[in-house]
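Enquirer: Take this structure first; my questions come after.
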Amino acid sequence: MSVIRGTQSNKKRVEIRKKTLWRSIWKERFTYLIIAPAFLSYLIFFFYPIGFAFVTSFTRFDAFQIQALPNIFDNYHRAIVRDPLAKTSLLNVFKYVVITLGVGQSCALILALALNSLKRGTAFYRTVYYFPMITSVVTIATIFRWLFGSDPSAPINTILRLLFDMEPIRWLWESKLVIPIIAVIAIWCGLGFNTIIWMAGLKAIPPEYYEVARIDGASNWRQFWSITLPLLKPVMLFQVVMGFIGGMKEFGLPFVLTQGGPAGASTTPVLLVYQYGFQNLQMGYASALAFLLAFLLIIASLVQFRIYGKSEAYD
Amino acid sequence: MTILSQTKTELFKSWRFQQGFGQILLYVILSFVGFFILFPFYYMVVSSLREPFYNFDRLTLDLLPSAFNLAGYIKIFSTQVPGAEAKSISALLHGFVNTLFLEATIVIGSTFLNALAAYAFAKREFPGKQFLFSVLLVTIILPGEVTLLPKYVMFHKVGLLGTFWALILPSLTGVFGIFLIRQFMSTIPDALLEAARLDGASEFQVVTRLVMPLAIPAMATYALFTFLGVWNDLMGPLIFVNKPGKWTLQLALYYFTASYTFQYGSAYQDSEGIRMQTLFAGLIISALPTILIFVIFQRQLVSGITLTGLKG
Amino acid sequence: MSERKLSRRDFLRLAGVAAGAALAACQPQVVTQIVKETQIVKETEVVEKTVKETVVVEKEGATQIVEVEKVITPTPRPVSFSMQVDANEKVIAAHQAAIASYQEMNPNVTIEVITEPMPGMDQIIPWLAAGTAPDCFRGALNQGAIFGTKNVIFDMADYAKSMGVVDKFYESVWKGYEFKDGQHWVLPSDTNTFALWSNPVMLEKAGIAAPPTNWTEFLDACAKLAKPDPDPEKAEYAFGIPTTIGWTSFFMYWWIFREGSEWYDGKNFIFQEALAKAITKLRLLITEGYLPHMDNWQDFWYKGRLAMEEYGQWVIPGDVPGPWNDNKPQGKWEAPYERPYFTVTPLFKLEDDIPNYSILAGFGYMMPKSNDEPEETFKFLIYQITDPEHGKMWVLPYNQLPAVKKEVVTHEYLDTPIYQAFTTQIQTAKPFSVYPEITQLVDQVWPGLILDALAGKKTPEQAIAEMVEIGTPIIQEAQSNR
């Protein structure tokens, strides 16, 4: 008896839930209206092209016609196993990210510490450091291509010669140097932005902690390790994740500066995607590369979040 | 860079220096860094003002300006769009006007639409909110470069290719905007909204009359970032709106400077000796407005970045 | 009286004749006039024909019936197509002049000019994918290779043959633009090549009579010449070999091989020992100190002393006497040293068994399949390229060598010693065929390896082995993609 009654009340519960669902949708119709433009725009200008790219990543698409592949996973297989350029590009960008995160963020943090300790003039320095962020990639690439020229009369070579009597270095022509140089330029660019973020994080630490620590006799160094760093964790997570994702997707700087460097030494995965797509007309394969990269990024982000013991930080 | 880090490590150890000497040391180091940041710009300005036939290949580094020659700037301002009638405004000014038009539509349109959407995610509960929010997140991860060709073909089919709509429509919304403004809006107390509703305001009025004015700091920040983004965008106009009459500023400069570096079959000949000067003048001109805007609005920008970073 | 009385028949006969004569006298005169009239006819009627018609006309007060012969000459139907032209004032002007005179001769043709800077791949591809490309555009040979194999541009070989224009081009150039099965996807318009620039003052000082014409002479000359001063501002170099701009090229690279040349047959690498020998020779130049440091190719600056010419700029304004500077040198930039007048001679080969792969660049016109008037467009392009007046545009303002022979298009510059060196070089160049995958190898894979070999970090054999190893999967993919 109770079973029958149970089923009946289950059914009713489901019906009631459905009704409340519809009701709440109707209640919030205005909300749906106002988010409609955003999602519509995404649907049309983002998801449709991405979907198209995803589908063609399983085909042979050369921008003009779609042909079937003998094995639909062939593009992915090629990217992972057969293509030497894919591997090198991944290594390149990884080197790049390590330098920009390691050196770049550390410098930004140090600068933030310094700026924080300043009594006056913070705003001035902040403004100055932010300059590179507001100029375009083309401008920056042009300047640095000239600064890092390979002949002895290039500015940086000249400085090195006058200061240290060094031979001219073929900066952007040495396969081992290109990536570090591009990373340095990226660090130069992002210094302002990153410093500001670190400063915000520092400001959020209540000064009472330091008072207490100082009273307790802790040295500055100890204060830094035990108070500052742990409390900067959320900011650090943000910087590392965003820096990692952004860095792995780097395209503009190597594209304008070196077009992939001396023989692929500064080719990043996204640049490779572009080259395969727009120079070799192998768009299906290019899409496969792009999605593989996205997959890697998703996994990497999840891992990073796990390490920091937090879930998605946007709530 | 190594010398710099060493000095910084030492600074580290005494990072809470409040005394005079510490302050001076800080100023010195920060100025040093500032010098590095600004040096390329400085040298660019100096180079753009060099006298004609200046030998950029010399082995000494002339850090000081040697002349104040504006020929490069004049050339940039006077070159016309190829194929245009005589006496029409220069390509640069034309590009400037086009860019301003784009800026106006995109900045205003997208700020408004993003604020609306941000309000929904900040203050309203609705079925599917979680899901839709994660959809937004996905757009950060996926690479946008693969969308270039499908978008092009799509615009062509709809007949929007070569019009500014091809640039405006996709820009009207952005994840960044929604996130940023949402962050800020979530700090607005619900009580205020309730009060307004009790007073008989419709939802729309609540959003536009109450919430948006309160969210102006975040909206302004977003508007600024969008302005910068549109200003510096080269790839978009290059692919989608590439007609001489519709060139944006960056595109006009790109074509102008591209003829100064190697271009197949280009007939550039520099008989006036101002090749590099013109190139640099072009770059500076394209950067100046953004720099000015930044200097004026820098407080907004900084607080905006702070908003993004804090919650992260 | 044998008087015959008129029989009735006779009378009738007479009457008839009389009546006829009387009638004839009254009728208007039949005049045959030939009147040429042109009529716009339908497309199907393309042959000139004559038709007879009778019309009634008033003439001298009398009505006459006139037989008229009409010759109907078909007027060509209207044709229109569009053309991409580089966004450069002088170039646009030159093209508009050509278009104007062609349209005068062919009033039925309308040509629309689309001003765009020379399109790169990321512009052409969307054009072709969406069908929005202009009906013809100027591009490079390797682009033709890529698009031709995808079947989106027209093959112009048949048009050229039927119009009989093939022998207007340099044979090496025409064959050089030919693809695997005789297709010509790119119509040659202009090209460029190498030459050897020599400093005659220095040569004379060292007792060298004439610029070297082969490798042995070159080495001898290098040995005799003094080693250049390490200070670049003081150093003087006796020889210069053109370079190209770009990350992936440096002058020696082109000396060794060029896109699609005979080290790849479309299926396999067929490197010959010649390649290793060539690398070894060039390495020798570096170890012996005959070569200066490698420059930053992409920001090319004319060095003055080092006669390395920027690709595409044949003439060093001011440094070589010629009609472009009234045979007087003028300094482009102020320099603290005396500028030499260079002599220009054809560049010798590195190895006897490496052909002269010296067509440095091939440019020409491509026609997308969205063009409905390929034959008419072709006619105009041929006109533009081979017309004695308009074909000059490739010399100025394009600063290139025309792809057509000197006899077809003459220009005063072409008679100068400098241009003669280039034209000689072009004519002895060996044609090659271009495969799409070559671009990737040449741009992205091999320069680093060759540079390493030249710097002594690898032996040439090691470098070549690595080139084959890395290149093989790439060509296999490309072949399976065909």
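Every number in this text was worked out from the coordinates using simple rules, so none of it is lab data. All values derive from a computational prediction rather than experimental measurement. Note: ideal-geometry Cβ built from the backbone for every residue, glycine included; neighbour counts use all protein chains shown.
Enquirer: What ranking do B:171, B:303, B:48 get, fewest neighbouring Cβ atoms within 10 angstrom at the top? Mind dumping the intermediate values first?
Expert: On the way: B:171 21, B:303 16, B:48 25.
In increasing order of surrounding Cβ atoms, one gets B:303, B:171, B:48.
Enquirer: Which of the DSSP-defined H helices in chain A satisfy a minimum axial length of 24 Å, computed from C-alpha atoms, and a minimum mean Kyte-Doolittle hydropathy of 0.0?
Expert: Details: long enough: A:2-27 (36 Å, -1.09); A:175-203 (41 Å, 1.60); A:283-307 (36 Å, 1.94).
Within chain A the helices that satisfy the rule are A:175-203, A:283-307.
Enquirer: Suppose R0 equals 35 Å; then what is the FRET efficiency for residue A:119 and residue A:299 from their Cβ-Cβ distance, rounded to the nearest 0.05?
Expert: On the way: r = 46 Å, r/R0 = 1.30.
Efficiency, rounded to the nearest 0.05: 0.15.
Enquirer: If you take the square roots of the eigenvalues of the alpha-carbon gyration tensor of the stretch A:218-271 and sort them as a ≥ b ≥ c, do you get rounded (a/c under 1.5), prolate (a/b over b/c) or oblate? Spell out each step's value before the answer.
Expert: Numbers: a/c = 5.50, a/b = 3.01, b/c = 1.82.
Cα axes put the stretch A:218-271 in the prolate bin.
Enquirer: Would you compute, from DSSP H runs of 4+ residues alone, the mean residue ellipticity of chain A at 222 nm, taking -39500 (n - 2.57) per run and dividing by the full residue count, rounded to the nearest 500? The partial results should precede the final answer.
Expert: On the way: 16 runs with 209 residues, N = 315.
It comes out at -21000 deg cm²/dmol, rounded to the nearest 500.
Enquirer: With the contact rule set at Cα under 8 Å and sequence spacing of 6 or more, what percent relative contact order holds for the stretch B:79-259?
Expert: Values: 156 pairs, mean separation 72.8, N = 181.
Once divided by the residue count of the stretch B:79-259, the mean separation gives 40 percent.
Enquirer: Order these by the 10 Å Cβ neighbour count, fewest first: A:129, A:209. List each step's numbers first, then the result.
Expert: Details: A:129 26, A:209 14.
Ascending Cβ contact count within 10 Å gives the list A:209, A:129.
Enquirer: Sort the stretch A:2-56 into rounded, prolate or oblate with this rule: let a ≥ b ≥ c be the square roots of the eigenvalues of the Cα gyration tensor; rounded if a/c is under 1.5, and if a/c is not under 1.5, prolate when a/b is larger than b/c, oblate otherwise.
Expert: Note, shape of the stretch A:2-56 comes out oblate.
Enquirer: Please tell me the relative contact order of the stretch A:83-313 in percent, rounded to the nearest whole number, where contacts are Cα pairs under 8 Å and at least six residues apart. It would help to have the intermediate numbers written out before the result.
Expert: Details: 247 pairs, mean separation 65.0, N = 231.
28 percent.
Enquirer: Which value, in debye to the nearest 20, describes the size of the charge dipole of the stretch A:2-56 about its Cα centre when Lys and Arg Cβ atoms bear +1, Asp and Glu Cβ atoms bear -1, and nothing else is charged?
Expert: Details: 10 positive and 2 negative charges, 124 e Å.
Roughly 600 debye for the stretch A:2-56.
Enquirer: Between the stretch A:1-76 and the stretch C:96-160, how many Å separate their Cα centres?
Expert: Centre-to-centre (Cα) distance: 44 Å.
Enquirer: Dipole of the stretch A:83-313, Cα-centred, from +1 at each Lys and Arg C-beta and -1 at each Asp and Glu C-beta, to the nearest 20 debye? Provide the component values of the computation, followed by the final result.
Expert: Working: 16 positive and 10 negative charges, 71 e Å.
I would put it at about 340 debye.
Enquirer: Let me ask something additional. With 10 angstrom as the radius, rank C:411, A:77 by how many other C-beta atoms surround their C-beta, starting from the fewest. If you can, show how the numbers build up before the last one.
Expert: Working: C:411 18, A:77 14.
In increasing order of surrounding Cβ atoms, one gets A:77, C:411.
Enquirer: Another question, if that's okay. Placing +1 on the Cβ of each Lys and Arg and -1 on the Cβ of each Asp and Glu in the stretch B:79-259, which of B:104, B:204, B:247 has its Cα farthest towards the positive end of the resulting dipole?
Expert: B:247
Enquirer: Let me ask something else about it. Which shape class, rounded, prolate or oblate, goes with the stretch B:79-259 when its Cα gyration tensor gives a ≥ b ≥ c as root eigenvalues, a/c under 1.5 marks rounded, and past that a/b bigger than b/c marks prolate?
Expert: Details: a/c = 2.89, a/b = 1.99, b/c = 1.45.
Verdict is prolate for the stretch B:79-259.
Enquirer: So if each residue of separation counts as 0.36 nm, and I subtract the Cα-Cα distance between residue B:74 and residue B:303, what length gain in nm does that give? Numbers along the way, then the final one.
Expert: Details: separation 229, 0.36 × 229 = 82.44 nm, distance 3.79 nm.
Net length gain for the segment: 78.7 nm.
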